[in-house]
1. Only one of these is surrounded by fewer than 19 Cβ atoms within 10 Å (Cβ to Cβ), modelled with pLDDT under 90 and in a helix (DSSP H, G or I): 402, 341, 350, 387. Name it.
2. Within the stretch 426-452, restricting attention to residues that are more than 26 Å from residue 398 (Cβ to Cβ) and surrounded by 11 or more Cβ atoms within 10 Å (Cβ to Cβ), which residue is nearest to the chain's Cα centre (by Cα)?
3. With the condition kept exactly as written, say whether any residue in the stretch 237-245 is within 23 Å of residue 402 (Cβ to Cβ), open to solvent by 30 Å² or more (accessible area, probe 1.4 Å) and not hydroxyl-bearing (Ser, Thr, Tyr).
4. Suppose the filter is within 25 Å of residue 453 (Cβ to Cβ) and assigned to a loop (DSSP other than H, G, I, E, B); does residue 395 pass it?
5. Condition test on residue 59, is it open to solvent by 70 Å² or more (accessible area, probe 1.4 Å), part of a helix (DSSP H, G or I) and either in contact with a helix residue (DSSP H, G or I) (Cβ under 9 Å, 6 or more places away or on another chain) or modelled with pLDDT under 85 (or both)?
6. Being in a helix (DSSP H, G or I) and at pLDDT below 80 narrows it down to one of 282, 248, 306, so name that one.
7. Residues in the stretch 127-142: is at least one open to solvent by less than 80 Å² (accessible area, probe 1.4 Å) and either at positive phi or among the charged types (D, E, K, R) (or both)?
8. Does the stretch 220-242 contain any residue that is of a type outside the set (Ser, Thr, Tyr) and within 29 Å of residue 360 (Cβ to Cβ)?
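The values are calculated or read from the model by the stated rules, or taken from the named source; none is laboratory data. All of these numbers come straight from a predicted model, not from anything done at the bench. Neighbour counts are summed over all protein chains in view; Cβ atoms, including those assigned to glycine, are modelled from backbone coordinates with ideal geometry. What goes into the accessible areas is simple: the full protein's heavy atoms, side chains included, and nothing from ligands, DNA or RNA. Shrake-Rupley method; radii C 1.70, N 1.55, O 1.52, S 1.80 Å.
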Amino acid sequence: MAGVADAAAAPGGGGEGRQDGGRGEPKTLWGSSEPRPPAAGPGQPSPQQRTETLGFYESDRGRRKKRSLSDLSLLRFISAELTRGYFLEHNEAKYTERRERVYTCMRIPKELEKLMFFGIFLCLDAFLYVFTLLPLRVFLAMFRFITLPCYGLRDRRLLQPAQVCDMLKGVILVICYFMMHYVDYSMMYHLIRGQSVIKLYIIYNMLEVADRLISSFGQDILDALYWTATEPKERKRAHIGVIPHFFMAVLYVFLHAILIMVQATTLNVAFNSHNKSLLTIMMSNNFVEIKGSVFKKFEKNNLFQMSNSDIKERFTNYVLLLIVCLRNMEQFSWNPDHFWVLFPDVCMVVASEIAVDIVKHAFITKFNDITADVYSEYRASLAFDLVSSRQKNAYTDYSDSVSRRMGFIPLPLAVLLIRVVTSSIKVQGVLAYVCVVLFYCGLISLKVLNSIVLLGKSCQYVKEAKMEEKLFNPVVTATPGKPAGKQQGTFKSTQGISTDENGSTSVTNQPVHQKENMPSLLVTSNSDQFLTTPDGEEKDISQDSSELKHRSAKKDLLEIDRFTICGNRID
């Protein structure tokens, strides 16, 4: 009975405290057993019409202030903080994405090094070609030229275009080698060694920039020479244009070889410094590259360009380290003990390059939401170049394709290496010449073995990427500056397979001498197109001819051409 009396005495109770049917006191918004708000009077608003703030009514504020101090104490706040919970599955997509980013960063070193490993061997294959197969091809071309009167002129061309390019490469190589004899390596070494550390640091940075700039223009000079020498000409006087291009190519290869020699000399001075401070500063310069690359926006194509540049830079550094070791071993009379003195510094240079590349690519892929699988696409694109260059009637040599793709030009580096080797190693006696011949045979064996392995791997990568159909679908474009309206009646293409005069089919077209009234056509491979969008002339081609497909504005990896980083063609 006391409980009933207490319930009746509550304000606004009026016998309403047992509305729950005797199951206990009514619950409020806070879940505690507290009195209900008073019933609305004649001139008062109902509880539903009162303003609610943070779970209680304005009219209840005075009564809420009389609550126990224990309910508003610091202990209750601490208890709430200690027992407060949350559920990560409420934002499952966000945390799944974060976990995938961590997994991607962990996969980057493996995928990147697989790409670097494949790309370095591609550069090695193009580099060995200059020392092994190129001299043999030049010898065969000269033999054909000398014995040409015996066979008669069956064709308008004295030599095939590939043979002309090989002879030009060989002549440039020989001329630049003899020109390099007038450059004193010892004087250059002592001149650079007399400079201060800060000057050498600045010089080394300037040399790196100059190497990229001169490489971006050098391959264009060589391509212009090759095309000018092999372009079909109607008049004999037109062949005179080869002479200025030839002198430009010789000057370029000579200047680039001197620039690489200064780089190697600066690195040699850093190796031979007493406190190794210059070498440390030069290696720390690699980490500055992270700052300049990580915090920029990168698309998939831009990352492909950077990967190619890193492959070329790493291979060039390996050759520079080889030159430094040869020069140092010569100064110490080829003492094997001195090599182990240089070995820790060589390892430090190589380790810093690998670490910088891994960190740079890991954060670039993280900040730009690029998956690690993209490096498999890059590797397949490089393999496509190798496979397409081995096809029948290929339009370019593989070494030139590597030069265009990665910016690696082997001629200047080969000239410098030959100059250093011939000055460091003295060949005297019959036994020494026998060793040279055996070494040359070993280089040829290494080149052939490397080419076979690379070709097999490239075919595997192309099949895995499902790029086989692109080998049989060359893109046909009109020669710049000539109308495309008359091409429909003179050229027909069926699924990218061309037919020669004898009726046989080939996977790629070869430039054929055409009539004067027939506009010339250029057949370009999918792997040799620039990062450009279709212009007005190409749109007219697609409208006039239903057989020519319109070029897509979306850029494919196979359309990334050379030196886009140096040429500022990044989006």
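1. On the way: 402 fails: surrounded by fewer than 19 Cβ atoms within 10 Å (Cβ to Cβ); 350 fails: modelled with pLDDT under 90; 387 fails: surrounded by fewer than 19 Cβ atoms within 10 Å (Cβ to Cβ).
Being surrounded by fewer than 19 Cβ atoms within 10 Å (Cβ to Cβ), modelled with pLDDT under 90 and in a helix (DSSP H, G or I) holds for just one of 402, 341, 350, 387, which is 341.
2. Applying the filter and picking the extreme gives 436.
3. Of all residues in the stretch 237-245, those within 23 Å of residue 402 (Cβ to Cβ) come to 245.
Those left that are additionally open to solvent by 30 Å² or more (accessible area, probe 1.4 Å): 245.
With the extra rule that they be not hydroxyl-bearing (Ser, Thr, Tyr), the set shrinks to 245.
Yes.
4. Working: within 25 Å of residue 453 (Cβ to Cβ): yes; assigned to a loop (DSSP other than H, G, I, E, B): yes.
Spelling it out, residue 395 is indeed within 25 Å of residue 453 (Cβ to Cβ) and assigned to a loop (DSSP other than H, G, I, E, B).
5. On the way: open to solvent by 70 Å² or more (accessible area, probe 1.4 Å): no; part of a helix (DSSP H, G or I): yes; either in contact with a helix residue (DSSP H, G or I) (Cβ under 9 Å, 6 or more places away or on another chain) or modelled with pLDDT under 85 (or both): yes.
Considered against the rule, which asks whether it is open to solvent by 70 Å² or more (accessible area, probe 1.4 Å), part of a helix (DSSP H, G or I) and either in contact with a helix residue (DSSP H, G or I) (Cβ under 9 Å, 6 or more places away or on another chain) or modelled with pLDDT under 85 (or both), residue 59 comes out as no.
6. Details: 248 fails: at pLDDT below 80; 306 fails: at pLDDT below 80.
One residue alone meets the criteria, 282.
7. Within the stretch 127-142, none of the residues are open to solvent by less than 80 Å² (accessible area, probe 1.4 Å) and either at positive phi or among the charged types (D, E, K, R) (or both).
8. Pass one, the stretch 220-242, residues of a type outside the set (Ser, Thr, Tyr): 220-225, 227, 229, 231-242.
Still in the list and also within 29 Å of residue 360 (Cβ to Cβ): 220.
Yes, the stretch 220-242 contains a residue that is of a type outside the set (Ser, Thr, Tyr) and within 29 Å of residue 360 (Cβ to Cβ).
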